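Only one structure is covered here, and it is reproduced in the block below.
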Amino acid sequence: MSVAVVDLTQGSLCKHLVRQATPMVFGVAAMMSFALIDTWFVAQGGGTQLAAMSYTFPVVVALTSLGIGLMAGMSSVAARRLGRNDVAGV
């Protein structure tokens with residue numbers, strides 16, 4: 001299997017951003033679709049079940065945000081270490 005190497009310092013910035021962002025757009029759209037369909041199925045059970053799901057939403061968002069923040073921080077540390085050629089520290 002061959003892997004295409006793309007030099008992000010050459011060429012159109014817009015093209016590189018679109019190439020990098022497209023998979024994330026599909027991923028977010030899939031997660032939103034899942035949440036919408038999940039909400040529809042829960043709503044079939046009644047208002048109490050839907051209220052319970054709505055009550056837990058802030059907790060889910062807080063935990064997701066914490067995970068994203070940790071991931072961004074670890075990516076930053078890893079990128080700086082790789083930039084220093086400190087592969088063992090990654």
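What to note about this one:
- Odd one out for M53, checked against (1) under 29 Å from V5 (Cβ atoms); (2) part of a helix (DSSP H, G or I): (1)
- Of the criteria (1) of a type outside the set (K, R); (2) loosely packed, with under 10 Cβ neighbours inside 10 Å; (3) farther than 25 Å from T64 by Cα, which one P23 fails: (3)
All of the numbers you see were taken from the coordinates with simple rules; none came from a lab. A quick note: this is a predicted structure, and the numbers were derived from the prediction, not measured. Methodologically, a virtual Cβ is constructed for each residue, glycine included, from the backbone with ideal geometry; neighbour enumeration extends over all protein chains shown.
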